[in-house]
Amino acid sequence: MNPEAIIECVPNFSEGTDTAKVKQIVAAMQVEGVRLLDWSLDTAHNRSVVTIAGSPSGIVEAAVRAAGKAAELIDLTTQNSVHPRIGAADVIPFIPVSGASLAECAVLARNAGLLIWRRYGIPVYFYGAAAARPDRVLLEDIRHGQFEGLRDAARRDAARRPDIGGPELHETAGASAVGARSFLIAYTIHLQQPDIAAARAIARDIRAANGGLHGVKAIGVLSNGRAQVSMNITDFNLTPMRHVHNTVQHLAQRHGVLIEDAELIGLIPQAAYEPDAEWIRQITGFNPDHKVLERKLVAPIEWP
C-alpha cells in the first residue's frame with residue numbers, strides 16, 4: 001500500500017456522558033502521522049464518535065490503541081444505551097480518502113482486528129468490505145441483540161461467534177466490529193413535535209431495507225424529549241443529501257408533523273457539501289471549516 005495514502009477512521013465508543021473518559025480515549029490515538037479531525041459526545045445515546053485521518057500504519061495503530069483504552073474505561077455491564085452496541089469500542093471503520101482503495105482499507109481492518117485481539121483480548125467481527133462472511137457485511141446483522149444478546153448467543157450458537165478471538169465476548173468490553181467502507185454521512189432530523197410514532201414511521205418509509213431510498217439506514221427515536229429521525233447515508237452520490245432531506249420533509253407532512261432542525265455527527269466530504277441547500281441551512285451551527293473533511297485535513301484540531 002502507498003505509505004503516502006490518507007485513510008480516515010471513525011471509531012464509535014459506547015460512552016457519551018463522561019467527557020473525561022472520552023478525552024482519555026481520544027488522547028490514546030495520538031500517533032505520529034495521524035490527525036484529529038473531530039470528536040463529539042452524544043449524551044442522549046450514550047455514545048461518542050471520533051474522526052481521525054492519516055497514514056495507513058499510523059491509523060491502524062491509533063485505532064488499536066483506542067480500542068484498548070476504551071476496554072479499560074468502559075464497562076458495558078453497568079450501562080444501557082439507546083443506540084445499538086456490542087462493544088466498548090463498538091465500531092471501527094476504515095475509509096479511503098486518497099491514494100488507497102476500499103480493498104486496501106479492508107486489509108487494514110483485518111490487521112487492526114488481529115492486533116485488537118492479540119493485545120487486549122477483545123474479540124472482533126469484520127463487516128463491510130472487510131467482512132469474512134456474507135452474513136456479516138451489514139453492521140446491523142452483527143449487532144442483532146446488542147451486547148447482552150450477542151454475549152449469550154455467542155456462547156450457545158457457533159454461527160454467532162466472533163471472526164477473531166472468543167468464542168465468548170470480553171466480559172466488560174464486549175466485541176468490536178471492525179470494517180472498511182466508503183464515506184458515510186450521519187445525519188439526524190429533529191421534529192417539532194415529540195411524536196415518536198411519526199419519527200418511526202418516517203424512518204421505516206425512508207430506509208432502503210423497506211424499499212425506501214438507496215443507501216439510507218434510519219431509526220426513529222425519542223432523545224431529550226425530542227422525536228428524531230437518525231440516518232446513515234451510505235451512498236450520497238446515488239442518493240444526494242437534498243433528496244434525503246426533501247423526502248423526510250414530505251413524509252413528515254404526511255404524518256402531520258414538521259421538521260425543526262438537523263445535525264451532522266462527524267464530517268462530510270467536500271463532494272456532498274451544497275452551500276445554499278436547505279438541508280445545510282437547517283443544521284444547527286453549521287460551519288464548513290469545521291464539518292467538511294478536506295478542510296479539516298488542512299486544519300486539524302489539537303489533541304486533548
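The values are calculated or read from the model by the stated rules, or taken from the named source; none is laboratory data. All of these numbers come straight from a predicted model, not from anything done at the bench. Ideal geometry is used to build each Cβ from the backbone, glycine not excepted, and the neighbour counts take in all protein chains shown.
Restricting V64, V82, V60, V107 to those that are modelled with pLDDT under 95 and either of a type in the set (V, I, T) or part of a helix (DSSP H, G or I) (or both) reduces the list to V82. Of the numbered criteria (1) outside the structural domain of V49 (by TED's automatic domain parsing); (2) within 30 Å of L115 (Cβ to Cβ), the one I202 fails is (2). Summed over the range 235-272, residues that are buried (at least 19 other Cβ atoms within 10 Å of the Cβ), in contact with a Lys or Arg (Cβ under 9 Å, 6 or more places away or on another chain) and not aliphatic (A, V, I, L, M) total 1.
Put simply, of L169, L213, L191 the only residue that is more than 26 Å from Q79 (Cα to Cα) and in contact (Cβ under 8 Å) with a residue 60 or more places away in the chain is L191. Screening I92 against (1) without any contact (Cβ under 8 Å) to a residue 24 or more places away in the chain; (2) under 16 Å from the mean Cα position of the chain (by Cα) leaves a single unmet condition, (1).
For the range 127-137, the count of residues that are in a strand (DSSP E or B), surrounded by 24 or more Cβ atoms within 10 Å (Cβ to Cβ), under 20 Å from the mean Cα position of the chain (by Cα) and modelled with pLDDT of 95 or more is nonzero. Considering every residue within the range 16-29, establish whether at least one is closer than 23 Å to A131 by Cα and surrounded by fewer than 24 Cβ atoms within 10 Å (Cβ to Cβ). There is no residue in the range 16-29 that is closer than 23 Å to A131 by Cα and surrounded by fewer than 24 Cβ atoms within 10 Å (Cβ to Cβ). Number of residues in the range 85-104 that are among the aliphatic types (A, V, I, L, M), more than 16 Å from R181 (Cβ to Cβ) and not in a strand (DSSP E or B) equals 2.
Based on this model, can you work out whether N2 counts as part of a loop (DSSP other than H, G, I, E, B) and surrounded by fewer than 23 Cβ atoms within 10 Å (Cβ to Cβ)?
When the stated conditions are applied, N2 passes them.
Within the range 30-44, the residues that satisfy the criterion of being part of a loop (DSSP other than H, G, I, E, B), surrounded by fewer than 19 Cβ atoms within 10 Å (Cβ to Cβ) and not charged (D, E, K, R) are Q30, G33, T43, A44.
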